[in-house]
Each structure stands twice: as C-alpha cells, then as structure tokens.
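Novice: Handing you a structure now.
The values are calculated or read from the model by the stated rules, or taken from the named source; none is laboratory data. Since we're looking at a predicted model, the values are computed, not measured. Positions of Cβ are backbone-derived with ideal geometry, glycine not excepted, and every protein chain shown enters the neighbour counts.
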Amino acid sequence: MDIFAHILWAAAGAKGLNAKLHRRAFQVGWTAFFGVAPDLFAFGIPIAISILSGNISREGWYMHALPQELYNYSHSLVIWAAVFLLVWLVRRKPWLPLLGWALHILIDMPSHSIDFYPTPFLFPLSEYRFPYGIPWSNHWYMIINYSALVLVWGGIAIAAWRKRRARKYLSSAP
C-alpha cells in the first residue's frame, strides 16, 4: 500500500480505538508514524544514500539489494513482536503506538503481489510470502482503498462533531 494510505489507516485506527475505549490509549501521531515507519526504514535509507552519493536515478536505489534486506526486517511480524515485547519489558507496559507497525504489515500482506515486494511477515523464521496479494497500484484497488478511507474518516469526523455538539448542549442546559 502507498505511504499516505498507511498513515491514514494507522491514524484512523488509533482515533477509532481511542473513541471506543473512551480514553487516549493511542497517541495518534506516533501510531501514524509507526504506520509508515516500515517503508521509511526500507526505502528512506537507500534513497538518502542515493541522493547523498549523487545517484538519484530509480536504478540507483530501487532495485538495489539493500531495500530488500531492510524490507525483510521492517515488514516482519516476528521482528515487530520482538521489538514490541522488548519495549514492553523496558517500559513495564505495552506501548500501543507500535501497533501501527503491525497494522502496516497486515495491510501489506494482501496489497502486495508475489512478484513485487511480497511481504516477508514470517522473516527470519520462514521465507513464506502471502501468495494472493493484489498490487495496491491497481487503479480499482486505489479507488476502493481511498473510498474506504473517505468513509472511515467521514465517520470519525461525524462522531467528533456529534460529541462536540452533545458537550455544547449539555454545558448550555439550565
């Protein structure tokens, strides 16, 4: 999935869960960051190296082995679980924004084809990749994805408006 959709889905998930839980359990900004962090890690580093070396062509970073190796680490539920548990042990409580990272991986599994960056969600335990992914670059997939995002964010906006309206009504009641 594209990076903007990852940010929007992670933030929507955090906002929605905060509303359901009636408390701010998720820091929306951090959850959105971790929703895009796997791609920033896998592709941002090679892009930065290419730019700094003056080789800014697509072939300079995109097809290089480094993105695939970084992709394996950043798109693994095994690696995510290890990091999540380590952070939990250090903080003595789970840090929920890291769930944005897991969401990223779960979204990528069905939205990447087996031919182009299939998601290595079991790395380093297994080479298995989800074989039935549909490339997120398909026009109809993008239309469905962003239509769903509009509906979800519209629902979030309506719920927030209703909450503000109810609060205003209650505060102005005699």
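Novice: Condition check: small (Gly, Ala, Ser), in contact (Cβ under 8 Å) with a residue 12 or more places away in the chain and under 20 Å from residue 7 (Cα atoms). Does residue 111 satisfy that?
Specialist: The answer is yes for residue 111.
Novice: Restricting attention to region 58-93, report how many residues are in a helix (DSSP H, G or I), at pLDDT 95 or above and among the charged types (D, E, K, R).
Specialist: So the count comes out to 1.
Novice: Could you please find all residues in region 4-39 being surrounded by fewer than 16 Cβ atoms within 10 Å (Cβ to Cβ) and either over 22 Å from residue 162 (Cα atoms) or basic (Lys, Arg) (or both)?
Specialist: Answer for region 4-39, where residues must be surrounded by fewer than 16 Cβ atoms within 10 Å (Cβ to Cβ) and either over 22 Å from residue 162 (Cα atoms) or basic (Lys, Arg) (or both): 4, 20, 23, 24, 29.
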